[in-house]
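Visitor: Starting off with a structure, shown below.
The values are calculated or read from the model by the stated rules, or taken from the named source; none is laboratory data. Quick caveat, the model's predicted, so the values are computed rather than measured. Methodologically, a virtual Cβ is constructed for each residue, glycine included, from the backbone with ideal geometry; neighbour enumeration extends over all protein chains shown. When the accessible area is computed, the model is the full protein with side chains, heavy atoms only, and any ligands, DNA or RNA have been set aside. Shrake-Rupley method; radii C 1.70, N 1.55, O 1.52, S 1.80 Å.
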4 protein chains.
Amino acid sequence: MLFEQMRQKPFFILGPCVMENQELLYTVAEKVAEVGQKYNVPVIFKSSFDKANRTSIHSYRGPGIGKGMEMLQNVKEKFGLPVITDIHEPFQAAIAAEVVDVLQIPAFLCRQTDLLVAAAETGKIVNVKKAQFLSGADMFYPAQKVLEAGNTKVVLTERGNMYGYNNLAVDFRNIYDMKAFGHPVCMDCTHSVQRPGGAGGKTGGDRTFVPMMALAAKAFGADGYFIETHPDPDNALSDGPNMLKLHDLDALIASLV
Amino acid sequence: MLFEQMRQKPFFILGPCVMENQELLYTVAEKVAEVGQKYNVPVIFKSSFDKANRTSIHSYRGPGIGKGMEMLQNVKEKFGLPVITDIHEPFQAAIAAEVVDVLQIPAFLCRQTDLLVAAAETGKIVNVKKAQFLSGADMFYPAQKVLEAGNTKVVLTERGNMYGYNNLAVDFRNIYDMKAFGHPVCMDCTHSVQRPGGAGGKTGGDRTFVPMMALAAKAFGADGYFIETHPDPDNALSDGPNMLKLHDLDALIASLV
Amino acid sequence: MLFEQMRQKPFFILGPCVMENQELLYTVAEKVAEVGQKYNVPVIFKSSFDKANRTSIHSYRGPGIGKGMEMLQNVKEKFGLPVITDIHEPFQAAIAAEVVDVLQIPAFLCRQTDLLVAAAETGKIVNVKKAQFLSGADMFYPAQKVLEAGNTKVVLTERGNMYGYNNLAVDFRNIYDMKAFGHPVCMDCTHSVQRPGGAGGKTGGDRTFVPMMALAAKAFGADGYFIETHPDPDNALSDGPNMLKLHDLDALIASLV
Amino acid sequence: MLFEQMRQKPFFILGPCVMENQELLYTVAEKVAEVGQKYNVPVIFKSSFDKANRTSIHSYRGPGIGKGMEMLQNVKEKFGLPVITDIHEPFQAAIAAEVVDVLQIPAFLCRQTDLLVAAAETGKIVNVKKAQFLSGADMFYPAQKVLEAGNTKVVLTERGNMYGYNNLAVDFRNIYDMKAFGHPVCMDCTHSVQRPGGAGGKTGGDRTFVPMMALAAKAFGADGYFIETHPDPDNALSDGPNMLKLHDLDALIASLV
């Protein structure tokens, strides 16, 4: 039913990058629930229990899957929101599926057959992020792996392509090309403005571009929007430079519906 | 001791892409042992037990880790060769380490912290392939994850960067830049000539360029060479278009030592 | 005064790629004048007298500067439209300036100092197209060459960057970055959807994307839009695949004002 | 006859980037003549009379075509060397051809039909540099423009492709691909190590890579080498960071013949 809603109205995947603590999740989820009702659009609460590929081994990774699923379950119960999280190894699919409505496959891992199949077999909606090294047309194959594992609830998410070293560019034609496969296509408006980390040992970005990315994606036919948001992104534990300020969320959604 | 040899002489990681059957491994290993002795250089036998990220879900993946490690053990015993294989999930590190001398981290997975740490903790040499989306300078961080897990036996392998869609280009300056970290740097001469799969549902390539890639890497200071080779690559079950014919291996090594 | 109008309202540079014949110019100019009045926006009629860098030497190039300027003058008189054309050598600047209101510097030539200075010295508005090999930030320097030649009427036009071979991607962040210099920024909605020619000996494209490119550029703050249009683009003598059908022009402008 | 020599032996195009003064040309030409005799290879003296596309309008451009041709003529007479220079506008072809043996078409301009035809019509050897935005295969068309203008003495020169912003990468497969057209293929070992200028207002580079680029090009089948060299590159008026020290020229040539 959520999947049908995602086909009918612009949908929004919203939340802080990583589960810093339960309180943060509540703060953001309250706003997410509010905008969902205000604009009468499907909203899905997103947060990661583990940042498994940080540039540096010293960066904060998250609470782990056990504690993390508890925290998401609390959000679900308190606010009645559907939830999504990303998984990194096949064994995590079934565990996360006990709580989440959507399983997300990270971009770097979108060709890992076992991960896609494990996610598909839970029967949950599977949101596959397009790798930074693939075209929209190339995403036929990851989607096909989910379908052939018996799950037709596939969402594909654009998040930009590598453009030289330590930079991403979004080729919006990929949104149009992915829509040709018939699955809902989502625009990741926050990771697409990253400057992937290099010499500095962490990944930068520029949240100025987030609303522009969203509107441009709309022009190319995006069905939904993935936006990481945080009440105080400059002090967030992950992806601060590219997360939207929670305070700016309402206005951005107003511009997209 | 193998690691010291790899620091002193040009080394060669050689073998068929995937473990098609035991007989194939013996055929190739015999030649690998022969060239190692003939040119008095370190040679390491390579083959994969699982191709975990094939473009299509229908492609051949390999015998799996259990059967695969048996097959590698047989090669080791019969020809006295050190062996290497690639792993895709952290739990595989310890299992593979019972047989192999070198664990290889696939390019797409080179930022997955848990996989790097699990490999490092086996105490085996860890060969980290540079992702198609990273610069040579960016590889400081994956290497650092192995070091901080207590293992100093790191090898870094160049294999080209995405250049537009469905194409790779090798920026050889990355070899020079990675050498600055002090780890041996290897050139993957066969995957760097791939044309990553797209519309056609599989990955192409052009083995014509393999010897040229190797010599160019030598010019930029490569310490070793990774070359997939097969007696009949046009009928191989994976990576046929880019594997070197086994018959051409001896001449290529002669040009590099 | 035209330049002031271009600063105050969305402007449109419109016309067929190359001056095929006077009749074609009249047909398109009539529609251009019509939409300009209907939407009360500045419109500038564009057509080239010479396609100086066609892929093949056998392609149609145009009527040349003498005949071409006559044809533009006729358009100007008949429809009261300001006109723009592109020049390729410094000596052409003064000749074209006798007729045109805006001189355009082709993307490949945007670093040729003498061409920029010759254009600047005419006192006309100078529209510098961003090269396919430059960033938005890099365009500071070509603009500066015009300014230092004593002309402050500079327009900068985005038209995409090379993305691998025979493909362009538009990094819309460049529009935002160029706006920081204070000059009006224009989006070339038709050349940005080209597939620059290679093996086939001519350049392809896909006009499907033209309206999407325009709307995305608007999201990133574009001040104006460059759109090549033709009553029958499939039979045009240049750039057919990427030109907009004249019939679709009105609706596109309606979506942008 | 020079063209036949260039087909039979590795040839070298050598000299300072820009004609700073006559004395500099003599200093470099003396060394160029010396290495040509020592290694018995064709050498061609190169220097530019005008740097027509410097990043900034304030950069030194050179003595101009009149004075420049005089300076080249002096080199020719004093050292008996064939000479090459680059032209930027069609009218310069005939003027330069009174002195030079080879006319060079700059990379940015390699699709300008009139420039190619004007160069071809002089009957001199035409060295077309591959644009930073073209593949090796794409160079069929610029070469064809020279051929169809009646001149079969074409040389094609690789100099790297744009890789993201402000960076070049050399895809050496292009050398192999261009050789398929049957024309001699030259490697520009000094411009290929540039970091094209951006924020800093000038172009950087790293001459460390020059000898590596040359050897790698040799591995891919290059017929000749273009190497800018200067007795004191750190104080040169153009392209200092990427020029080879004149003192290192002999050793580099020794490694290539």
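Visitor: Considering the range A:43-52 alone, what residues qualify as being out of contact with any Cys (no Cβ under 9 Å at 6 or more places or on another chain) and either within 20 Å of B:PRO106 (Cβ to Cβ) or open to solvent by 10 Å² or more (accessible area, probe 1.4 Å) (or both)?
Guide: Filtering the range A:43-52 down to residues out of contact with any Cys (no Cβ under 9 Å at 6 or more places or on another chain) leaves A:43-45, A:49-50, A:52.
If the condition is that a residue be out of contact with any Cys (no Cβ under 9 Å at 6 or more places or on another chain) and either within 20 Å of B:PRO106 (Cβ to Cβ) or open to solvent by 10 Å² or more (accessible area, probe 1.4 Å) (or both), then A:VAL43, A:ASP50, A:ALA52 are the ones that fit.
Visitor: So, one more: In this structure, is B:ALA236 more than 11 Å from chain D (Cβ to nearest Cβ) and of a type in the set (A, V, I, L, M)?
Guide: Working: more than 11 Å from chain D (Cβ to nearest Cβ): yes; of a type in the set (A, V, I, L, M): yes.
Criteria met by B:ALA236.
Visitor: Could you please find all residues in the range B:117-131 being touching a Lys or Arg at 6+ places or on another chain (Cβ under 9 Å), buried (at least 23 other Cβ atoms within 10 Å of the Cβ) and either at the interface with chain A (Cβ under 8 Å from one of its Cβ atoms) or among the small types (Gly, Ala, Ser) (or both)?
Guide: B:ALA120, B:ALA131
Visitor: Now for a different question. Quick check: is even one residue across the range B:59-79 closer than 24 Å to A:PRO90 by Cβ and among the basic types (Lys, Arg)?
Guide: Of the residues in the range B:59-79, the ones closer than 24 Å to A:PRO90 by Cβ are B:59-72.
Still in the running and among the basic types (Lys, Arg): B:61, B:67.
Yes, some residue in the range B:59-79 is closer than 24 Å to A:PRO90 by Cβ and among the basic types (Lys, Arg).
Visitor: Could you please give the count of residues in the range B:179-210 that are more than 8 Å from every other protein chain (Cβ to nearest Cβ), part of a helix (DSSP H, G or I) and under 18 Å from D:LEU215 (Cβ atoms)?
Guide: Qualifying residue count, the range B:179-210: 3.
Visitor: Being over 27 Å from D:LEU168 (Cα atoms) and part of a helix (DSSP H, G or I) narrows it down to one of C:ALA118, C:ALA143, so name that one.
Guide: Numbers: C:ALA143 fails: over 27 Å from D:LEU168 (Cα atoms).
Exactly one residue qualifies, and that residue is C:ALA118.
Visitor: Return yes when A:PRO10 is under 19 Å from A:THR190 (Cβ atoms) and either surrounded by fewer than 20 Cβ atoms within 10 Å (Cβ to Cβ) or modelled with pLDDT of 95 or more (or both) and no when it is not. Spell out the reasoning first.
Guide: Values: under 19 Å from A:THR190 (Cβ atoms): yes; either surrounded by fewer than 20 Cβ atoms within 10 Å (Cβ to Cβ) or modelled with pLDDT of 95 or more (or both): yes.
Yes; evaluated as a whole, the condition is true for this residue.
Visitor: Report yes if some residue within the range C:129-136 is in contact with a Pro (Cβ under 8 Å, 6 or more places away or on another chain) and outside any loop (DSSP other than H, G, I, E, B); otherwise report no.
Guide: yes
Visitor: Please pick out the residue among A:ARG195, A:ARG207, A:ARG159, A:ARG173 that is modelled with pLDDT under 95, closer than 30 Å to C:THR190 by Cα and buried (at least 20 other Cβ atoms within 10 Å of the Cβ). Spell out the reasoning first.
Guide: Details: A:ARG195 fails: buried (at least 20 other Cβ atoms within 10 Å of the Cβ); A:ARG159 fails: modelled with pLDDT under 95; A:ARG173 fails: modelled with pLDDT under 95.
Every option except A:ARG207 fails the conditions.
Visitor: While we're looking at this one, here's another question. Inside the range D:132-154, can you point out the residues that are touching a Phe, Trp or Tyr at 6+ places or on another chain (Cβ under 7 Å) and open to solvent by 50 Å² or more (accessible area, probe 1.4 Å)?
Guide: D:PHE140, D:LYS153
Visitor: May I ask you to list the residues in the range C:86-108 that are within 21 Å of C:THR55 (Cβ to Cβ) and in contact with an Asp or Glu (Cβ under 9 Å, 6 or more places away or on another chain)?
Guide: Within the range C:86-108, the first condition is being within 21 Å of C:THR55 (Cβ to Cβ), and the residues that meet it are C:86-89, C:104-108.
C:ASP86, C:ILE87, C:HIS88, C:GLU89, C:GLN104, C:ILE105, C:PRO106, C:ALA107, listed by residue number.
Visitor: When the range B:97-116 is examined, which residues are found to be without any contact (Cβ under 8 Å) to a residue 40 or more places away in the chain, in contact with a strand residue (DSSP E or B) (Cβ under 8 Å, 6 or more places away or on another chain) and open to solvent by less than 10 Å² (accessible area, probe 1.4 Å)?
Guide: Selection gives B:VAL100, B:LEU103, B:ILE105, B:CYS110, B:LEU115, B:LEU116.
Visitor: Sticking with this structure for a sec: In this structure, is A:ASP171 under 30 Å from A:ILE95 (Cα atoms) and either within 7 Å of another protein chain (Cβ to nearest Cβ) or touching a Phe, Trp or Tyr at 6+ places or on another chain (Cβ under 6 Å) (or both)? Even if it seems obvious, please write down each step before you answer.
Guide: Numbers: under 30 Å from A:ILE95 (Cα atoms): no; either within 7 Å of another protein chain (Cβ to nearest Cβ) or touching a Phe, Trp or Tyr at 6+ places or on another chain (Cβ under 6 Å) (or both): yes.
When the stated conditions are applied, A:ASP171 does not pass them.
Visitor: If you take the residues of the range B:224-246 that are open to solvent by 40 Å² or more (accessible area, probe 1.4 Å) and assigned to a loop (DSSP other than H, G, I, E, B), which of them is nearest to B:ALA33 (Cα to Cα)? Outline the logic, then answer.
Guide: First, pick out the residues of the range B:224-246 that are open to solvent by 40 Å² or more (accessible area, probe 1.4 Å): B:231-232, B:234-235, B:237, B:241, B:245.
After this cut, where a residue has to be assigned to a loop (DSSP other than H, G, I, E, B) as well, the list is B:231-232, B:237.
Working: B:PRO231: 15, B:ASP232: 19, B:LEU237: 23 Å.
Filtering the range B:224-246 for residues that are open to solvent by 40 Å² or more (accessible area, probe 1.4 Å) and assigned to a loop (DSSP other than H, G, I, E, B), the one nearest to B:ALA33 (Cα to Cα) comes out as B:PRO231.
Residue-by-condition table, conditions (1) open to solvent by 10 Å² or more (accessible area, probe 1.4 Å); (2) small (Gly, Ala, Ser); (3) more than 17 Å from the chain's Cα centre (by Cα):
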| site | (1), (2), (3) |
| --- | --- |
| D:GLY15 | no, yes, no |
| D:MET19 | no, no, no |
| D:ALA29 | no, yes, no |
| D:TYR39 | yes, no, yes |
| D:ILE57 | yes, no, yes |
| D:GLY66 | yes, yes, yes |
| D:ASP86 | yes, no, no |
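Visitor: Here is a follow-up. Among the residues of the range C:138-148, are any acidic (Asp, Glu) and under 18 Å from the mean Cα position of the chain (by Cα)?
Guide: Step one: filter the range C:138-148 for residues acidic (Asp, Glu), giving C:138, C:148.
Okay, now just the ones that are also under 18 Å from the mean Cα position of the chain (by Cα), so none.
No: zero hits.
Visitor: Moving on to the next point. Name, by its number, the condition in (1) open to solvent by 10 Å² or more (accessible area, probe 1.4 Å); (2) touching a helix residue (DSSP H, G or I) at 6+ places or on another chain (Cβ under 7 Å) that does not hold for A:LEU249.
Guide: (1)
Visitor: Let me ask something else about it. Checking B:SER238 against (1) in contact (Cβ under 8 Å) with a residue 24 or more places away in the chain; (2) at positive phi: exactly one of these is not met. Which one?
Guide: (2)
Visitor: How many residues does the range B:24-62 hold that are closer than 15 Å to B:PRO82 by Cβ, of a type in the set (A, V, I, L, M) and not in a loop (DSSP other than H, G, I, E, B)?
Guide: Result for the range B:24-62: 8.
Visitor: Moving on. Give the range A:94-110 a look and list any residue that's farther than 18 Å from A:ILE44 by Cα and within 13 Å of chain B (Cβ to nearest Cβ), or say none.
Guide: Initially, the range A:94-110 is screened for residues farther than 18 Å from A:ILE44 by Cα, giving A:94-95, A:107-110.
If the condition is that a residue be farther than 18 Å from A:ILE44 by Cα and within 13 Å of chain B (Cβ to nearest Cβ), then A:ALA107, A:PHE108, A:LEU109, A:CYS110 are the ones that fit.
Visitor: Any residue in the range D:142-166 that's within 14 Å of chain A (Cβ to nearest Cβ): show its pairings with residues that are of a type in the set (Lys, Arg) at Cβ separation under 8 Å, as long as the two are six or more apart or on different chains.
Guide: D:ASN166/D:ARG195
Visitor: Taking C:GLY136 as meeting all but one of (1) within 14 Å of chain B (Cβ to nearest Cβ); (2) closer than 16 Å to C:GLY224 by Cβ; (3) among the small types (Gly, Ala, Ser), write down the number of the exception.
Guide: (1)
Visitor: Now, a different point. Right, B:MET213: more than 11 Å from chain D (Cβ to nearest Cβ), at pLDDT 95 or above and touching a helix residue (DSSP H, G or I) at 6+ places or on another chain (Cβ under 6 Å) or not? Walk me through how you get there before you give the answer.
Guide: Working: more than 11 Å from chain D (Cβ to nearest Cβ): no; at pLDDT 95 or above: yes; touching a helix residue (DSSP H, G or I) at 6+ places or on another chain (Cβ under 6 Å): yes.
No.
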